[in-house]
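The values are calculated or read from the model by the stated rules, or taken from the named source; none is laboratory data. Worth saying up front: this structure is predicted, and the values here are computed from it rather than measured. Cβ atoms come from the backbone with ideal geometry, glycine included; neighbour counts cover every protein chain shown. Side chains included, ligands, DNA and RNA excluded: accessible areas come from the protein's heavy atoms. Shrake-Rupley method; radii C 1.70, N 1.55, O 1.52, S 1.80 Å.
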Amino acid sequence: MGRETLITSRNNPIISHYRELCQKKRSRRTEKLFPAEGLRLVREAVQANAAGDILLTEAAWERYGEEFPDAWRISDALGDFISETEHPQGVFAVCRIP
């Protein structure tokens with residue numbers, strides 16, 4: 001599956017891994033990874049070379065796709081599913097703990 005493919009399944013391994021990092025402290029500690037949500041946090045992670053997989057919803061892709069050309073595109077509904085905020089921006093990343 002290429003990055004141009006739209007991810008729509010909750011069972012996708014990238015989505016499952018992101019959710020696991022959100023829900024399980026042990027996974028974050030063991031893998032030395034953490035989930036980041038929001039444009040500002042993801043930009044900071046990219047600048048610090050700490051960002052791994054970046055996920056953008058369809059709506060966020062329209063706004064920020066040029067800034068994050070290697071991001072995985074996910075459906076807006078999937079963005080709502082993985083979001084930990086009330087009003088998601090649609091920008092997510094798996095980041096390395098420094």
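Observations
- Neighbours by Cβ (under 7 Å, 6+ apart or cross-chain): first from the stretch 7-21, over 19 Å from A60 (Cα atoms); second open to solvent by 50 Å² or more (accessible area, probe 1.4 Å) and not aromatic (F, W, Y): L21/R28
- Residues located in the stretch 43-98, provided they are surrounded by fewer than 21 Cβ atoms within 10 Å (Cβ to Cβ), among the β-branched types (V, I, T) and without any contact (Cβ under 8 Å) to a residue 60 or more places away in the chain: V46, T85
- Leading residue by the ranking (nearest to T85 (Cα to Cα)) among those in the stretch 18-42 that are open to solvent by 70 Å² or more (accessible area, probe 1.4 Å) and touching a helix residue (DSSP H, G or I) at 6+ places or on another chain (Cβ under 8 Å): F34
- Leading residue by the ranking (surrounded by the fewest Cβ atoms within 10 Å (Cβ to Cβ)) among those in the stretch 4-17 that are within 13 Å of the chain's Cα centre (by Cα) and farther than 17 Å from A77 by Cβ: P13
- Boolean, G38 is farther than 13 Å from R96 by Cβ and in contact (Cβ under 8 Å) with a residue 24 or more places away in the chain: yes
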